[in-house]
1. What dipole magnitude, in Debye to the nearest 20, does the protein assembly as shown give about its Cα centre under +1 on Lys/Arg Cβ and -1 on Asp/Glu Cβ?
2. Please give the total accessible area that chains B and A bury against each other, computed with a 1.4 Å probe and expressed in Å² to the nearest 100.
3. Nothing charged except the Cβ atoms of Lys and Arg (+1) and of Asp and Glu (-1): what's the magnitude of the dipole of region B:101-227 about its Cα centre? Round to the nearest 20 debye.
4. Are there GluC sites (Glu not before Pro) in region B:1-88 that DSSP marks as loop and that have at most 13 other Cβ atoms within 10 Å, and which are they?
5. In what sequence, largest accessible area first, do A:Tyr280, B:Tyr232 appear using a 1.4 Å probe?
6. Hey, any idea what % of region A:43-418's accessible area is carbon plus sulfur with a 1.4 Å probe?
7. At R0 = 51 Å, how high is the FRET efficiency between A:Arg199 and B:Arg123 if r is their beta carbon distance? Nearest 0.05 is fine.
8. Given labels modelled 7 Å from the Cα in the Cβ direction, how far is it in nm from B:Glu23 to A:Gln311?
Amino acid sequence: MPRQKIVIDPVTRIEGHSKISLHLDEKGRVEEAYFHVTQFRGFEKFCEGRPFYEMPSLMARICGICPVSHLVASAKACDAILAVRIPENAARLRRILNLAQLVQSHALSFFYLSSPDLLLGMDSDPAKRNIFGVAEKFPAIAKDGVRLRQFGQQIIEWLAGKRIHPAWVVPGGVTEPLSAANRDRILEAIPEALGIAQRTLDWFKSEMERFREEIRTFANAPTLFMGLVGPNGNLEHYDGKLRFLDAGGHIVQDGVDGADYANYIAEMAHPWTYLKTSFYKPLGYPEGVYRVGPLARLNIVDGCDTPRASQEWAEFRELDRGAVLSSFHYHYARLVEIAFGLEKIEQLLNAPDILDTNVRAIANANNSEGVGVAEAPRGTLIHHYKVDRDGLITWANLIIATGHNHAAMNRGVLQVARHFVRGNKLTEGMLNRVEAVIRTFDPCLSCSTHADGRLALEVQLRSHDGELLDTQRN
Amino acid sequence: MSAKAPVRVKTLTIDGREVGAREDQTILEVATENGIFIPTLCDLPGLSTVGACRLCLVEVKGARGLLPACVTRVAEGMEVAVNSERLDRYRRGILELLFAERNHVCSVCVVNGHCDLQSLALRLGMTHVHFPYQYPRLPVDASHERFVVDHNRCILCARCVRVCDEIEGAHTWDIMSRGVDCRVITDLAQPWGKSESCTGCGKCVQVCPTGALSEKGKSVAEMSKRRQFLPYLTLMREGRR
Ligand code: SF4
Ligand code: SF4
Ligand code: FES
């Protein structure tokens with residue numbers, strides 16, 4: 001039998017457009033796996049010549065799914081260009097916004113995109129394997145998911161006005177302070193949301209046994225992990241320093257200032273995809289492959305400074321001796337982070353000066369360069385801009401979660417494909433597992449190539465000299 | 001002031017409605033006085049009229065073609081139509097051309113939600129641009145300490161030119177070149193920040209109908225124009241003459 005290639009194109013239930021191709025060897029075993037991102041939007045070019053203070057809103061438009069994360073990272077890069085320290089309460093409010101986005105996005109990923117696989121089974125009828133199918137069979141869980149997502153979105157709206165693309169976050173802070181009424185509204189809704197988070201965590205933990213095989217094979221391989229940590233090594237999403245951890249759980253590099261990212265992170269382009277691959281520079285490629293996002297964050301931190309999340313985190317870390325390696329546990333980590341986000345929002349809202357109206361620093365472009373780093377739901381987001389003397393953008397670089405995870409995602413696809421795909425016959429269930437491994441990363445492809453579009457899945461089976469043998473779409 | 005010849009009164013109809021006007025008034029002025037809406041972009045009460053945008057086109061019975069209401073004087077017995085299927089079509093067409101000519105990305109524009117061009121497009125029901133977008137590569141001049149000119153959003157209405165010349169008396173702004181190369185310029189096409197004539201009063205920024213002129217540091221949708229000063233200033237000037 002000749003060598004073959006299977007292409008899954010486009011991958012469903014992730015944000016963006018991509019395809020997967022699997023190359024089979026002569027014996028019909030998966031030899032190589034490639035995860036291609038096929039669209040490109042070129043935001044870095046788009047913003048050249050624009051005033052830097054337009055960047056947050058411009059960047060928020062990279063993505064309709066996590067505009068807030070881009071807003072925050074971009075605004076931080078602009079703060080650096082202004083060379084100001086923004087008012088404390090502005091940072092607090094941005095932090096709340098970022099966490100609300102985290103809750104909202106994790107709820108979307110877990111309940112809408114991944115729970116169909118978890119609840120209905122990887123091999124269940126694809127026509128029903130979606131949130132509607134879940135709503136039919138497990139109405140309570142579907143309802144919880146919808147509620148939780150709404151809650152996150154509601155906070156964003158109360159803080160920033162419009163849900164999508166809010167212009168509230170600006171260089172130097174935010175445009176409006178928080179009103180007492182909105183603070184109280186959010187605080188009132190937190191207990192219910194926390195209840196959902198806890199329920200879901202308990203349920204997920206009790207079900208985990210069923211996914212032994214997936215846990216073992218879903219990008220379950222040693223990589224480094226990277227993310228921001230707070231001053232005491234605590235879980236952190238808005239500020240802090242970068243930390244790199246190895247698979248054994250040892251800190252490889254700590255206290256890296258966001259502005260120095262380029263000394264530690266290198267990017268590599270490939271001919272077969274628009275998605276660049278990032279790696280830890282001192283180790284090179286492929287040794288320096290690392291993961292970011294919920295799993296990485298829970299791996300790198302020394303703890304969480306909120307009570308429930310703290311407990312859940314400790315339990316989570318019991319899963320493995322060193323770092324928790326299986327990407328399947330991204331799901332689990334997401335649930336822990338939802339709990340953390342809710343608790344943290346509550347903490348922040350109870351701060352005595354949360355209603356302080358000094359929320360914006362005014363300045364001109366004082367630095368010619370600025371880097372903003374923040375944790376988006378999917379992982380570390382780095383915005384780096386250079387401006388001319390008048391504050392017009394001359395150069396921009398964005399490194400996005402899916403780029404950090406790219407190499408690990410590829411490895412994951414290969415691992416799963418090797419395990420579940422046999423010969424030149426494609427079963428829908430095995431393809432779904434290949435997709436599912438990608439979904440654990442919750443990749444946002446439109447961001448990562450700054451590309452546009454929707455996802456669906458197609459699989460092509462090719463002989464190793466390129467001949468198309470079979471195509472499947474779902 | 002009182003020594004002037006008495007003004008004569010003319011009567012005319014606008015959309016079939018009989019209205020009275022002073023002989024020195026334009027169709028636009030009379031319509032506005034009578035609460036009849038005619039879309040405009042370049043016109044701004046207090047500044048001279050130039051008839052640059054052609055949005056105010058109206059039908060006058062017996063006239064060849066359409067006439068711009070902002071520069072057309074009333075006449076006795078004139079029959080004016082300001083609302084018609086044809087006018088709507090032309091006006092939308094003009095707006096579409098304005099949008100196609102430069103780069104209007106409202107969602108990331110400083111005046112989003114406070115823009116004369118945008119609100120007119122909404123009001124006149126412009127839903128599509130039927131002309132190919134030109135996507136010209138146009139610069140942004142942010143050299144001024146407090147203001148920015150973004151040529152991507154300029155519709156060449158010349159409000160800035162007029163307010164600077166007629167009200168502020170600085171005459172910093174001008175219009176250079178023709179056709180697609182047409183641009184507003186400061187001094188002799190120097191960067192605005194280098195301009196010696198500019199007093200930094202900001203009147204141009206406030207009268208500009210779009211996001212072409214804005215205050216530095218204003219984020220998306222944050223810039224709204226304040227034009228209350230214009231009637232007072234005009235009144236003061238006229239009083240002194
Ligand atoms: S100037 Fe007006 S029409 Fe043009 S982009 Fe800005 S808001 Fe839109
Ligand atoms: S800059 Fe503004 S006021 Fe001046 S011509 Fe252009 S659109 Fe009109
Ligand atoms: S308002 Fe009459 S031509 Fe512009």
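The values are calculated or read from the model by the stated rules, or taken from the named source; none is laboratory data. Just so you know, these numbers come straight off a predicted model, no measurement behind them. No Cβ is skipped: glycine too gets one built from the backbone with ideal geometry, and neighbour counts run over all protein chains shown. Note: accessible area is taken over every heavy atom of the protein model, side chains too, but ligands, DNA and RNA are not part of it. Shrake-Rupley method; radii C 1.70, N 1.55, O 1.52, S 1.80 Å.
1. Values: 86 positive and 85 negative charges, 240 e Å.
The calculated dipole for the protein assembly as shown is roughly 1160 debye.
2. Working: alone 13230 and 17750 Å², together 29600 Å².
Result for this pair: about 1400 Å² buried.
3. Values: 16 positive and 14 negative charges, 71 e Å.
So the dipole magnitude of region B:101-227 works out to roughly 340 debye.
4. Details: sites: B:Glu18, B:Glu23, B:Glu29, B:Glu33, B:Glu59, B:Glu76, B:Glu79, B:Glu85; in loops: B:Glu23, B:Glu76.
Answer in residue order: B:Glu23, B:Glu76.
5. Values: A:Tyr280 5, B:Tyr232 155 Å².
Of A:Tyr280, B:Tyr232, the descending order of accessible area is B:Tyr232, A:Tyr280.
6. Details: 6620 of 13350 Å².
Within region A:43-418, the accessible surface is 50 percent carbon and sulfur.
7. Details: r = 50 Å, r/R0 = 0.99.
Step by step, r from the Cβ atoms, then E = 0.50.
8. The answer from the label model is 9.2 nm.
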